[in-house]
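Right, one structure below, let's go through it.
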Amino acid sequence: MEPGHGLARNYPAKPKNIYLFATCLVDQFAPGAGMDTIRLLEREGIAVHFPEEQTCCGQPAHTSGYPDEARAVARRQLGLFPEPWPVVVPSGSCAAMMRHEYPKLFADDPALLAQALELSERVFELTEFLVHVAGFRQADLGPACTVALHTSCHARREMGSHETSAALLAGLGRVTVVQQARVEECCGFGGTFAMRHPDISEAIVSDKVASLRESGAERVVSADCGCLFNILGRAAKLDEIAVSPAPTLVGEHIASFLWRRTGGAEQ
Amino acid sequence: MNQPMHFHPADGFAARSRAAVNDAGQRKNFRGAMDFLQAKRRAQFPDADELAGLRELGATIRRYSLAHLPRLLEQLEAKLTANGVQVHWAENADEANAIALGIARRVEARRIVKGKSMVSEEIGFNHAMAAAGIEALESDMGEYIVQLDGEAPSHIIMPEINKTRQQIAELFVDKIPGVTYTEDVDALILIGREQLRRKFAEADIGLSGVNFAVAETGTLCLVENEGNGRMCTTLPRVHIAVTGIEKVVEKLEHVPPLFSLLTRSATGQAVTTYLNLISGPRKPGEKDGPEEVHLILIDNGRSQAYGDELLRATLQCIRCGACMNHCPVYARIGGHAYGTTYPGPIGAIVSPHMLGLDATYPLAFASTLCGACGEVCPVRIPISDILVRLRNEAQARPGSSDASLRGSGAARTKLVSAIWRGWSLIYSRLGLYRLTSWFMSRGRALSPIEQGAWTRSRTPLIPAPKRLRDLIRERKP
């Protein structure tokens, strides 16, 4: 099956308001990507609401085999979006958690399940929302450059948003997208997998760094911070220990890249 | 291997996987093989809609078969018996081997020639026969090579996938008298074939696996490429087939879609060279075929998976190996690191039922949950969901409702449980989250530079000076 095949869904008309679920990684480690997400959406004429009580989607505990702990965290997020507005998530992995895993987590509790199912229908990954709901069409104002797109596994296989990320990049006139070898392969992060199986994780991410460098792209963009931290962190470490470092691999969240390319000032 | 109950194949998984990752030669072999097999499969499924439809059909047939499993097994036994096939039931590996041994002793067999069968690996058939003084010779070329080297298969379809042709050439020179070194693949296959050809005629018993057992007609379907399967099941005077109880389907018409999914997913072939439909022993007046045909139906823990709504999907598997061919972890560590008969994603989800979760839980954690396995699975087994479920089970509090499998709770430790409880507390109480995340940002200069496994391979992860929530608050007028 082609990645994302069979994930087609109905999209609402462009709304006046949305909720932003920024994710814990963006809140703590990449707030710039969060701010650029807000700016991109506001420029489309959409008011962005950030419920202060949000923390984490609960995925770390869920994939580590601690369902009660995951449920406790997920349950807190369930009630944060009372208005029927779309919930936009600048991470394919966290969006997939809320869209597909919440209903499984709350399968045994009818009231929470109903809430999870209702939420599931209006959770959108950022690039998916920009393409299918916001109708994003901004002119590329940046200099010519080449980029490689890395899509997280959950974004690709559960949200199908590798296509929307690619579509947004394709809409930038002076950006050339180059494809790295084994573009569909995991970067080796896998949440706690990177800590539990450091050798295997290192082997996978080293191959990913190599394929990105070999692609000749000037930078890598991704809609998932987890993958970015893993890939760029590995590349930087390799530079530290290399006798003659390869050209530095730079990268950023696709929201920041899009904002800068389409005329947004660096802030 | 037919191991005693206390054998923990997943013990040492970390050490074995580390060694495998650092074996550059083997990494290259596997990477090349995986790229090749992925490309072959991709070429077989150019039409996404056709593939989606066929997968849905395959999954439905397998789910239907499992939903009616008790009835279909009874029907299969009745029909096979009417066809002259003797049906045996084995609860575990020892019972299965004892049944085979009983047959072998009765017919005074000294040599058994085998077609490829992963179930025979699962039950440790060769060792059990050797212990009784009976030679069991593999006749599938890959299995023959692996047996010659005293190894276990490292892949369920291509057992010798870890070896280069140079390694095989050296092995042949070393183990087969009178062989001169050649790296020519055709010449190597010819050498193996000449060795095997004599053995078919000498064998008293032919052993095979079963890909699909058809209940309505009492037919055993055997999929193969080398013709050795047909030799094993027709030339010796006794044929013993071994298979898991889950391999049954109701109708002959259920076989073609599964066959098509199997060959295209496994080796990227539109069809295999042989598809044997075995429906009984030699009848009066027939010139060939075995005098006796036996089927040994083996549970070996499958009932445990069967009894659980989600885990039952594990039994949908048709053993194509596509999950391991697309697994980023399998591609890095190969099959032997898993320590189980079935490696890769399918090994991680099926082995706990055969060997206990206590013996196999590390395999459930040996996945990034990237979902590549589930995406290519021809019968749509939700492998990632099952892996998460096994992780839950492995760490479940003993006696709790989450602990339902043999060996559940074996991975639970007080420390790790306490860490996750603490994590859950912080992320489910806004006040606590606000406080800890504020301290992490403001105290970022104090962030540890050594972050365990993370910084062994990567630069440290340092919090931003201000959290997103701080930046949002600041920009409001």
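Key figures for this structure:
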quantity: Check: region A:136-199 dipole with +1 on Lys, Arg Cβ and -1 on Asp, Glu Cβ, in debye; calculated: 100 debye
quantity: Neighbouring partner chain Cβ atoms per residue of A:29-37, average, 10 Å criterion; calculated: 4
quantity: Environment charge at A:GLY45 (Cβ cut-off 12 Å; Lys +1, Arg +1, Asp -1, Glu -1); calculated: +1
quantity: Long-range HN-HN contacts of B:VAL249 with modeled amide H, under 5 Å; calculated: B:ALA213, B:VAL214, B:ALA215
quantity: Distance from region B:419-462 to region B:249-278 (C-alpha centre basis), Å; calculated: 52 Å
quantity: Cysteines in chain B lacking a second Cys C-beta under 4.7 Å; calculated: B:CYS221, B:CYS232, B:CYS317, B:CYS320, B:CYS327, B:CYS377
quantity: Cα-based equivalent ellipsoid, region A:145-261: semi-axes from gyration tensor eigenvalues, Å; calculated: 22, 18, 11
quantity: Per-peptide average of other Cβ atoms within 10 Å, ordering B:304-317, A:8-21 highest first; calculated: B:304-317, A:8-21
quantity: Nearest-ten-degree value, helix B:165-175 long axis tilted from longest Cα axis of chain B; calculated: 50 degrees
quantity: Long-range HN-HN contacts of B:SER208 with modeled amide H, under 5 Å; calculated: B:GLY115, B:ILE240, B:ALA241, B:VAL242
quantity: Reachable lysines, given that their alpha-carbon falls under 17 Å from the alpha-carbon of B:LYS116 and they are not under 8 places away in the same chain; calculated: B:LYS199, B:LYS247
quantity: Per-peptide average of other Cβ atoms within 10 Å, ordering B:259-266, B:368-375 highest first; calculated: B:368-375, B:259-266
quantity: Residues whose placed amide H lies under 5 Å from that of B:ASN162, excluding near-sequence neighbours; calculated: B:SER154
quantity: HN-Hα J in Hz across region B:355-369 - Karplus 6.51, -1.76, 1.60, θ = phi - 60°, x for Gly and Pro; calculated: 10, x, 5, 4, 8, 10, 4, x, 5, 5, 8, 8, 8, 7, 6
quantity: Chain B: angle of helix B:255-266 to the longest principal axis, Cα-based, in degrees nearest 10; calculated: 60 degrees
quantity: Whole-Hz couplings from phi, Karplus 6.51/-1.76/1.60, listed for region B:187-194; x for Gly and Pro; calculated: 5, 5, 4, 4, 4, x, 4, 4
quantity: Peptide B:31-39, shielding by other chains (average Cβ, 10 Å cutoff); calculated: 1
quantity: Degrees separating the helix B:383-394 axis from the principal Cα axis of chain B, which is the longest one; calculated: 70 degrees
quantity: Proximal charge balance of B:ARG475 [Cβ under 14 Å; K/R count +1, D/E count -1]; calculated: +2
quantity: Dipole magnitude of the protein assembly as shown, debye to nearest 20 (Cβ charges: Lys/Arg +1, Asp/Glu -1, about Cα centre); calculated: 1640 debye
quantity: Per-residue average of Cβ from other chains inside 10 Å of B:17-24; calculated: 3
quantity: P(r), alpha carbons of region B:45-303 - 5 Å bins starting at zero, rounded %; calculated: 1, 6, 13, 16, 19, 17, 13, 9, 5, 2, 0, 0
quantity: Antiparallel bridge percentage (DSSP; both residues within the protein assembly as shown; nearest 5); calculated: 15 percent
quantity: Summed side-chain charge close to A:LEU168 - residues other than A:LEU168 whose Cβ falls under 11 Å, Lys, Arg +1, Asp, Glu -1; calculated: -1
quantity: ³J(HN,Hα), Karplus 6.51/-1.76/1.60, whole Hz, each residue of region A:51-60, x for Gly, Pro; calculated: x, 4, 6, 5, 10, 9, 6, x, 4, x
quantity: Value at 222 nm in deg cm²/dmol, rounded to 500, when DSSP H runs of n ≥ 4 in the protein assembly as shown each add -39,500 (n - 2.57); calculated: -14000 deg cm²/dmol
quantity: Charge dipole (debye, nearest 20) of chain B; +1 at Cβ of Lys and Arg, -1 at Cβ of Asp and Glu; calculated: 2640 debye
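Where a number appears in this text, it was derived from the coordinates with a stated rule and is not lab data. Quick caveat: nothing in here was measured; it's all calculated off a predicted structure. Positions of Cβ are backbone-derived with ideal geometry, glycine not excepted, and every protein chain shown enters the neighbour counts.
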